[in-house]
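Please read the structure below before turning to the comments.
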Amino acid sequence: MLKLSFIINSFLIIILFSPGTFASTLDKKEGKSQIIISSETLTADNKNNTAVFEGNVVAKTDDITMYSDKMIVSYDNKDSKIIKIHALGNVKVHNEDRALFSNEAIYINNEEKIIFTGNPKVIEGENMITGKQIIFFLKDNRAVIEESRMVIQNRPDKN
């Protein structure tokens, strides 16, 4: 029970997302930011260093919320850090002005990127971008969209 408590507490001191994009590096200046993950069930596998959150999974930081049916978190227990987070089923990520929807998302910590697949779609205001795959490079604050399609609402000039 003590080891499970350590794992859960480890998840509470990491960060997935920053305001400028949808995620951030896990280490921020002096300390680590907090994320709270809730689900109907949590299965921790200490031997394989994974935790599986299932059923109405919600991961929250101060300004970002991520929803999915299932979230598999791979971690390095020795260094108390997340290696990868794999969100599956009805993935939705949003902040104040942007929302992203997909069937699957993979956050890779050491590469500082999130890969969205399965009909990914980004909506910002009235604008929308879709593609086969959307990759957010967190450190560079940029995205690469494969087979992209963009819908931009052109507003008339106010003269």
Which pairs in the list Lys47/Lys92; Lys81/Lys113; Lys47/Lys113; Lys70/Lys113 are over 22 Å apart, alpha-carbon to alpha-carbon?
Lys47/Lys92; Lys47/Lys113
Karplus-derived 3J(HN,Hα) from phi for segment 60-65 (6.51 cos²θ - 1.76 cosθ + 1.60, θ = phi - 60°), whole Hz, x at Gly and Pro, runs 10, 10, 4, 10, 10, 10
HN-Hα J couplings of segment 112-126 from phi, Karplus 6.51/-1.76/1.60, θ = phi - 60°, integer Hz, Gly and Pro as x?
6, 8, 10, 10, 9, 9, x, 6, x, 8, 10, 10, 10, x, 9
Take the Cβ-Cβ distance between Lys92 and Asp45 as r, set R0 to 25 Å, and report the resulting FRET efficiency rounded to the nearest 0.05.
0.45
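Read-outs: derived from the displayed coordinates by stated rules, not from any lab. Just so it is clear, the model here is predicted, and its values are computed rather than measured. Positions of Cβ are backbone-derived with ideal geometry, glycine not excepted, and every protein chain shown enters the neighbour counts.
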